[in-house]
Amino acid sequence: MRERDWEQRLAAFVAERRAMPFEWGRNDCCLFAADAVRAMTGDDHAIGLRVHTSAQEAARLVLARGGLRQIATDALGESVPPAMATVGDVVLLMNEGRELLAVCNGGTAIAPGERGMVALGMDAALAAWKV
């Protein structure tokens, strides 16, 4: 459940991560989404996921856990249609032929990119999870 001041917590998290580049095991899509949830709720759903330091290790971890969709479902419960996502919810997007987890920011979803946070269109969302 979100804390009463979740909006301020999410805003502080976004400000902190705005210029932080993508980094496996620290600021990749899965940990970015989990850290945003932790900022809003105080719950860390990434326990056991902070063990990779490369794309290859991350791919093995995601495969072993059943994929990004299953990782999000295990942490947050059943998914909802992307149209039901609101600010702060976790979304699964397709971007450049790959799935990634992001955080709904209204009409866009935010995720870590090569040079800092990027905004992606919600029209690429495949699923969402209410936080």
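For every residue, the table says whether it meets (1) at positive phi; (2) buried (at least 21 other Cβ atoms within 10 Å of the Cβ).
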{"position": "V80", "(1), (2)": "no, no"}
{"position": "N95", "(1), (2)": "no, no"}
{"position": "L101", "(1), (2)": "no, yes"}
{"position": "G106", "(1), (2)": "yes, no"}
{"position": "G116", "(1), (2)": "yes, no"}
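Take the stretch 37-74 and flag every residue that is surrounded by 13 or more Cβ atoms within 10 Å (Cβ to Cβ), of a type outside the set (S, T, N, Q) and touching a Phe, Trp or Tyr at 6+ places or on another chain (Cβ under 8 Å).
Hits for the stretch 37-74 are A39, M40, H52, E57, A58, A72.
For the stretch 57-79, what are the residues that are in contact with a helix residue (DSSP H, G or I) (Cβ under 9 Å, 6 or more places away or on another chain) and touching a residue at least 24 places away in the same chain (Cβ under 8 Å)?
Scanning the stretch 57-79 gives A58, V62, L68, I71, A72, A75, L76, S79.
From the residues in the stretch 17-44 that are assigned to a loop (DSSP other than H, G, I, E, B), under 24 Å from Q56 (Cα atoms) and not aliphatic (A, V, I, L, M), which one is nearest to the chain's Cα centre (by Cα)? Lay out the reasoning, then the answer.
Taking the stretch 17-44 first, the residues assigned to a loop (DSSP other than H, G, I, E, B) are 18-22, 24-26, 28, 42-44.
Restricting the remaining residues to those that are under 24 Å from Q56 (Cα atoms) gives 20-22, 24-26, 28, 44.
Cutting the leftovers down to not aliphatic (A, V, I, L, M) gives us 21-22, 24-26, 28, 44.
Values: P21: 15, F22: 12, W24: 13, G25: 13, R26: 12, D28: 8, D44: 12 Å.
Only one residue fits best here, namely D28.
Would you confirm whether any residue within the stretch 69-83 is charged (D, E, K, R), within 22 Å of F13 (Cα to Cα) and in a loop (DSSP other than H, G, I, E, B)?
Filtering the stretch 69-83 for residues charged (D, E, K, R) gives 69, 74, 78.
Remaining after also requiring within 22 Å of F13 (Cα to Cα): none.
Checking the stretch 69-83: not a single residue is charged (D, E, K, R), within 22 Å of F13 (Cα to Cα) and in a loop (DSSP other than H, G, I, E, B).
Looking at V51, is it farther than 14 Å from V131 by Cα, at pLDDT below 95 and of a type in the set (V, I, T)? Step through it out loud before you land on a result.
Numbers: farther than 14 Å from V131 by Cα: yes; at pLDDT below 95: yes; of a type in the set (V, I, T): yes.
Judged against the criteria, V51 is a match.
Name, by its number, the condition in (1) on the phi > 0 side of the Ramachandran plot; (2) within 16 Å of the chain's Cα centre (by Cα); (3) of a type in the set (G, A, S) that does not hold for G66.
The failed condition is (2).
The values are calculated or read from the model by the stated rules, or taken from the named source; none is laboratory data. None of these values were measured; they are calculated from a predicted model. Don't worry about glycine lacking a Cβ; one is built from the backbone with ideal geometry, like all the others, and counts go over all protein chains shown.
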